[in-house]
Amino acid sequence: MTAPAAHHYTSTGLDSRKIAIWAFIGSECMLFVSLISTYLIYKGRSLVGPFPHDVYTNPAGETFNPILNIPVTSASTFVLLMSSLAMVLALAAVQNKDLPKHTRGERVLGSSKLWLWMTALLGTTFLGFQAYEFTSFVHEGLSIRTNLFGSSFFTLTGFHGAHVTAGVIWLVTLLAIDYRRGLGPNDALNVDIAALYWHFVDVVWIVIFTVVYLLK
Amino acid sequence: MAENPHSDPSATEPKADEHIAQHHHPDWKTYVKVGAVLTAITIWEVWAYYIPSVVASRIFVPMLLTLSAVKFATVVMFYMHLKYDHRLFRVLFTGPLLIAALTLISLLFLFGQLVARFGR
C-alpha cells in the first residue's frame, strides 16, 4: 500500500495524498497573501512608533531607532534556505536508499537521518532567531498592541513561525520513524509530502523577507 | 454500464507519465547549485538594501520584487519539483496563487497603496 507504484486506483493516476497536499498549499497561499495584504495596507499608517525603517521620537522626547534588524533576519533567511536544501537531500536519500553506496560521500548523501536532522536543526535555529527578534522588539517598545505595524507584523510573522513549528514537529516524527524501522523508497511519498510543506514555508518566508524587511 | 475500475488489475499500475514524474528528479549537484543561486540572490538583495543610491533609485522596489519572484520560482520548480511533476500539481498551485495575487493587487488599489506609489 505504501509503495508509490502500488497506490490505490485514482481517476488521475496520481496519489490522492499528493493532490491533497498541493491543494492544501494552494489554500495556504491564499491565507498568507491575505496576511501580507493586511501588512501592506497598514504599511506607513502607524501613528506612533517604533517604525520599521525610520527613527521615531515620541512627545515625551524618547527616541526609538528603526526596529528591524536586517543582519539578523538575513542570517535567519539563509538558515531557512539551507534547511530547504537539506530537505531535498533527505528526500533524495530516502528515494535512493536501496542503491549501493561505495564511497564515503555517497554514504553521507544517502543518510536520510543526517539530512532530516539537519533540516529540523536549521528549522529550530530559524525559530530561535524569531524568538530573539520578537523578544528584542518587545524590549524596544514594540508589541502586537503598540501600532498598526506591530499588529500586522506580529500576526504575519507569528503565523509563519507557527507553520515552521508544525514543520519541525513533522520532521521529528519522520526522524522517529527512521530510527524505529528506517525510511526507504516505500516511504518516499510520505517524505515528499512533508518536504513540499517545508519548502512552502520557505517560499512564504522569501516573500515576507522582501516585503516586510527589505522594502522601505 | 461502465466497468468497475477496481476490478481492473492494470488500474493499480502507475501510468507512464506518472512513472517518469516520480523518478525524473534532479541529482544532488543540481540541488546544491540551486542553493548557491538562492544564497547569491539573497546576498544581492541585502547588499542593495545597504546602498543608499540604489534604495533612492526607481529600480529598487522592482528589483527586489523581481529577485524575490526568481527565488520563489526557483524553490517551487527545483525543490518542490513542480518543473518535473504532473501538470495537475502545477494547476493546483498556480491557480490559487494567481487568485491570491489578483486579490492582493485589488486590495492595494482599493486602499490606495498602489495609487500612492505610482503617484510619487
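The values are calculated or read from the model by the stated rules, or taken from the named source; none is laboratory data. Since this is a predicted model, take the numbers as computed values, not measurements. Because the Cβ atoms are built from the backbone with ideal geometry, glycine has one as well, and the counts that use them run over all protein chains shown.
Okay, here's what the table says:
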| quantity | calculated |
| --- | --- |
| When residues of segment B:31-43 are limited to those that are more than 8 Å from chain A (Cβ to nearest Cβ) and surrounded by 13 or more Cβ atoms within 10 Å (Cβ to Cβ), the one farthest from A:SER112 (Cα to Cα) | B:ILE41 |
| Unique match (being of a type outside the set (Asp, Glu), in a loop (DSSP other than H, G, I, E, B) and at the interface with another protein chain (Cβ under 9 Å from one of its Cβ atoms)) among A:GLY44, A:GLY61, A:GLY49 | A:GLY44 |
| Segment A:68-104, residues that are β-branched (Val, Ile, Thr), buried (at least 20 other Cβ atoms within 10 Å of the Cβ) and more than 10 Å from chain B (Cβ to nearest Cβ) | A:VAL94 |
| Hey, A:GLY150 part of a helix (DSSP H, G or I), away from every other protein chain (no Cβ under 14 Å) and under 22 Å from A:PHE78 (Cβ atoms) or not | no |
| Qualifying residues in segment A:199-216 (those that are facing another protein chain (nearest Cβ under 7 Å) and in a helix (DSSP H, G or I)) - the one farthest from the chain's Cα centre (by Cα) | A:LEU214 |
| In segment B:99-120, residue modelled with the lowest pLDDT [restricted to those that are more than 7 Å from chain A (Cβ to nearest Cβ) and not in a helix (DSSP H, G or I)] | B:ARG120 |
| Considering residues of segment B:49-98 that are exposed (fewer than 15 other Cβ atoms within 10 Å of the Cβ), β-branched (Val, Ile, Thr) and at pLDDT below 95 only, the residue nearest to A:THR119 (Cα to Cα) | B:VAL91 |
| Single unsatisfied condition, A:TRP117 versus (1) modelled with pLDDT of 95 or more; (2) touching a helix residue (DSSP H, G or I) at 6+ places or on another chain (Cβ under 6 Å); (3) crowded, with 17+ Cβ neighbours inside 10 Å | (2) |
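Condition check ((1) at pLDDT 95 or above; (2) on the phi > 0 side of the Ramachandran plot) across all residues:
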residue: A:PHE24; (1), (2): yes, no
residue: A:PHE32; (1), (2): yes, no
residue: A:GLY44; (1), (2): no, yes
residue: A:VAL48; (1), (2): no, no
residue: A:THR57; (1), (2): no, no
residue: A:PHE64; (1), (2): no, no
